[in-house]
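In what follows, a structure is listed as structure tokens, so that the remarks can point back to it.
The values are calculated or read from the model by the stated rules, or taken from the named source; none is laboratory data. Bear in mind the structure is a predicted one, so any value in this text is a computation, not a measurement. Heads up, the Cβs are rebuilt from the backbone with ideal geometry, glycines too, and the neighbour counts pull from every protein chain shown.
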């Protein structure tokens, strides 16, 4: 298949396997869920009755006091006692094969092409790290909430977009399925298209 460069009659040939595959909603959902799960720190922790300091001595005799029996003052029933079902640090990551990951990314890119949300440009740069310059470029492209994908990192472009909550700049290495799905439009350079093609073919 061929993709048209934005504001140009020039077409570039791309792989059907990467940009014209079937949309697999369940796979994309699994991909996004696994990505978000992997981003969780999993450091939440509370102390159970074994981890709370003190409570080694039995507070009163088992019998004869008229009170309920108690073995430790660190029981979850007591003030300053342990937590009944204490949260512990854990790993939230989900296993996802490389083959499935690539198939999911191919599915997302194919759907972006079908829904006309993928804008291919020769290059997108700014002369200086100025937000105004980037906004002018985006206005020319006719996009608003946008993900900009370049082949390699561009510090000026990144700094220009830093104050815009509706614009994200990334390179191929930092490309995430969550960003691809979240933004209304994806502006991608020809170099990035070729790199993605090589990666996913």
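Just a yes or no: is a residue in region 37-48 under 18 Å from residue 98 (Cα atoms) and touching a residue at least 24 places away in the same chain (Cβ under 8 Å)?
Applying the first criterion (under 18 Å from residue 98 (Cα atoms)) to region 37-48 yields 37-39.
Add one more test, that the residue is touching a residue at least 24 places away in the same chain (Cβ under 8 Å), and what stays is 37-38.
Yes, that holds for at least one residue.
Filter region 113-144 down to residues that are surrounded by 14 or more Cβ atoms within 10 Å (Cβ to Cβ) and within 23 Å of the chain's Cα centre (by Cα), then give me how many there are.
Number of matching residues: 6.
Quick check on my filter: what residues within region 11-63 are in a loop (DSSP other than H, G, I, E, B) and closer than 18 Å to residue 115 by Cα? It would help to see each step written out before you state the result.
At the first step, the residues of region 11-63 found to be in a loop (DSSP other than H, G, I, E, B) are 14-15, 20-24, 39-63.
Correct list: 14, 15, 20, 21, 22, 23, 24.
Are there any pairs, at least 6 apart or on different chains, whose C-beta atoms fall under 8 Å, with the first in region 1-13 and closer than 17 Å to residue 192 by Cβ and in the same structural domain as residue 142 (by TED's automatic domain parsing) and the second assigned to a loop (DSSP other than H, G, I, E, B) and modelled with pLDDT under 85, and if so, which?
Listed by first residue and then by second, the contacts come to 13/1.
State which residue is surrounded by the most Cβ atoms within 10 Å (Cβ to Cβ) when the search covers only region 27-68 and only residues that are within 26 Å of residue 195 (Cα to Cα) and out of contact with any helix residue (DSSP H, G or I) (no Cβ under 6 Å at 6 or more places or on another chain).
Kept after step one, since they are within 26 Å of residue 195 (Cα to Cα), are these residues of region 27-68: 27-36, 38-39.
Next, from what is left, pick out any that are out of contact with any helix residue (DSSP H, G or I) (no Cβ under 6 Å at 6 or more places or on another chain): 29-30, 33-34, 36, 38-39.
On the way: 29: 12, 30: 16, 33: 14, 34: 19, 36: 14, 38: 13, 39: 11.
Checked region 27-68; the qualifying residue surrounded by the most Cβ atoms within 10 Å (Cβ to Cβ) is 34.
Anything in region 125-144 that is in contact (Cβ under 8 Å) with a residue 12 or more places away in the chain and either part of a helix (DSSP H, G or I) or closer than 28 Å to residue 30 by Cβ (or both)? List them, or say none.
131, 133, 134, 135, 137, 138, 140, 141, listed by residue number.
Looking only at region 113-124, decide whether some residue is within 18 Å of residue 12 (Cα to Cα), assigned by TED's automatic domain parsing to the domain that holds residue 24 and part of a helix (DSSP H, G or I).
yes
Just for region 145-180: of the residues that are assigned to a helix (DSSP H, G or I) and closer than 21 Å to residue 31 by Cβ, which one is nearest to the chain's Cα centre (by Cα)? Working first, answer last.
Let us first name the residues in region 145-180 that are assigned to a helix (DSSP H, G or I), namely 155-161, 177-180.
Subsequent filtering for residues that are closer than 21 Å to residue 31 by Cβ retains 177-180.
Values: 177: 6, 178: 4, 179: 6, 180: 9 Å.
For region 145-180, the residue satisfying everything is 178.
Can residue 96 be described as in contact with a strand residue (DSSP E or B) (Cβ under 7 Å, 6 or more places away or on another chain) and touching a residue at least 60 places away in the same chain (Cβ under 8 Å)?
no
Test residue 108 against the criterion of being under 17 Å from residue 178 (Cβ atoms) and either touching a residue at least 40 places away in the same chain (Cβ under 8 Å) or part of a loop (DSSP other than H, G, I, E, B) (or both), and give yes or no. Reasoning before the result, please.
Details: under 17 Å from residue 178 (Cβ atoms): yes; either touching a residue at least 40 places away in the same chain (Cβ under 8 Å) or part of a loop (DSSP other than H, G, I, E, B) (or both): yes.
The answer is yes for residue 108.
Residue 152: surrounded by fewer than 20 Cβ atoms within 10 Å (Cβ to Cβ) and modelled with pLDDT under 90, yes or no? Steps first, please.
Numbers: surrounded by fewer than 20 Cβ atoms within 10 Å (Cβ to Cβ): yes; modelled with pLDDT under 90: yes.
For residue 152, the condition - surrounded by fewer than 20 Cβ atoms within 10 Å (Cβ to Cβ) and modelled with pLDDT under 90 - is met.
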